[in-house]
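Novice: This is the structure I want to talk about, given as structure tokens.
Derivation of every value follows stated rules applied to the coordinates shown; laboratory data play no part. Being a predicted model, the structure only gives us computed values, none of them experimental. Here the Cβ is made from the backbone with ideal geometry for all residues, glycine too, and neighbour counts use every protein chain on show.
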Amino acid sequence: MTYRVIHRGAPRPIILEFRCPQHGWFDEFVDSGTEEMPCPFQAACGSPSPWSPRKVPMISMRRVEATRGKAEAPEHRGWLDTSNLEEGQDPEEFQAEREAVHEELRKELVTEMVRSDR
């Protein structure tokens, strides 16, 4: 089974809230991935202020999504394909089907070996 990972969007400018340890809260218009900004209140301060929201930001865009891709085609009839078990098939029924496939493959192999001896 294959999966495809979809990345959506790049960092975009938004207003974030930062908190200076000396001067308190301030808002800045920065890229969405910014974690820290220098304090803008006094030129002498400039202390690093971490991103610290006062309220939950409202973001509706999913940044990453994983979707189920196409199912892999079996390489041959004897290939172990458990997708039926995943979909709820009875394990005994699954095992009986596997044994029938292997019996058929064994008969084909024996027939081919007899033909090659002639």
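Novice: Which of the following values of volume of the Cα convex hull per residue in Å³ was calculated from the structure shown: (i) 137; (ii) 198; (iii) 109?
Specialist: Of the listed options (i) 137; (ii) 198; (iii) 109, (ii) comes from this structure.
Novice: What's the FRET efficiency of Val101 with Arg4 using the Cβ-Cβ distance as r and R₀ = 30 Å, to the nearest 0.05?
Specialist: 0.50
Novice: Which is farthest toward the positive dipole end of the range 50-103 among Pro91, Gly78, Pro53, measuring Cα position about the Cα centre, with Cβ charges +1 (Lys, Arg) and -1 (Asp, Glu)?
Specialist: Pro53
Novice: Which length gain, in nm to one decimal place, applies between Glu112 and Asp27 when the Cα-Cα distance is subtracted from 0.36 nm times their residue separation?
Specialist: Answer, rounded to one decimal: 22.8 nm.
Novice: Right, next: Run the paramagnetic zone check for Glu72: 7 angstrom along Cα to Cβ, then residues of the range 82-118 with backbone nitrogen under 17 Å.
Specialist: Under cut-off, by backbone N: 82-86.
Novice: How big is the charge dipole of the chain about its Cα centre, in debye rounded to the nearest 20, if each Lys and Arg gets +1 on its Cβ and each Asp and Glu gets -1 on its Cβ?
Specialist: 800
Novice: Could you state the angle between the C-alpha long axis of helix 91-117 and the longest principal axis of the C-alpha atoms of the chain, as a value from 0 to 90 degrees rounded to the nearest 10?
Specialist: 50
Novice: Sort out the exposed loop GluC sites (Glu not before Pro) in the chain (DSSP loop, at most 15 other Cβ within 10 Å) and tell me the longest stretch that has none.
Specialist: 36-71
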